[in-house]
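Okay, structure first, notes after.
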Amino acid sequence: MTFSFSRLLLVIGLPIVFALGALPGLAPAEQGPVNGLTMHVFMSETCPHCRAQKPFLANLDSHHPALEIRDYEIMTTRQHHDLLRNMAALHGVQPGSVPMIFVGGRVWVGDSRQIRREIADHVEACLSESGCPR
């Protein structure tokens, strides 16, 4: 029985690619619901900026059924630290201050009216027919 190189890649390579894609922190950061958008919010329960931003995020979530918001507490647990480091590296930023929000290939750190406006505009653009701006 002879195997061609392409068949060998198919037999060995595809399962590896699928396995890597299933590992947390290694898949694309915005992977989420089909025809939707996932926002990753790294925050701390003790952070006043994080607490202040929660109503804005809840309102954004309620107005966009295709948006999935995932919250990750990072101060009281180390459980999400690797995911934060991986996502920050993928986006070319250093993990540090919270809130840190990843959505549609972009990242925001902190909270302000300007940041909220940018996030809302970006979510709208990502969920439009044209998709996330590059």
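Readers should treat all values here as calculations from the given coordinates under stated rules, not as data from a laboratory. Since the structure is predicted, the reported quantities are computational estimates derived from the model, not experimental observations. No Cβ is skipped: glycine too gets one built from the backbone with ideal geometry, and neighbour counts run over all protein chains shown.
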*asked:* From Cα pairs below 8 angstrom and at least 6 apart in sequence, can you work out the relative contact order of segment 27-127, rounded to a whole percent?
replied: 35
*Mind listing the long-range amide H neighbours of Met75? Cut-off is under 5 Å, sequence gap 5 or more, other chains count too, H placed in the peptide plane at 1.01 Å from N.*
Glu45
*Amide H of Glu68: which non-local residues (sequence gap of 5 or more, or other chain) have their own amide H closer than 5 Å, using H built in the peptide plane?*
Leu37, Thr38, Met39
*Cleavage-rule hits (trypsin sites (Lys or Arg not before Pro)) in segment 36-131: DSSP loop, at most 14 neighbouring Cβ within 10 angstrom*: Arg78
*Return the sequence-ordered ³J(HN,Hα) values of segment 58-69 in whole Hz as given by the Karplus equation 6.51 cos²θ - 1.76 cosθ + 1.60 applied to θ = phi - 60°, using x for Gly and Pro.*
5, 5, 4, 4, 5, 8, 9, x, 7, 9, 10, 9
*Tell me the label-point distance for the pair Ala120, Cys47, using the 7 Å Cα-to-Cβ offset, in nm and rounded to one decimal.*
2.1
*asked:* How far apart, in nanometres, would the label points at His91 and Ser130 be if each is projected 7 angstrom from Cα along the Cα-to-Cβ direction?
replied: 2.2
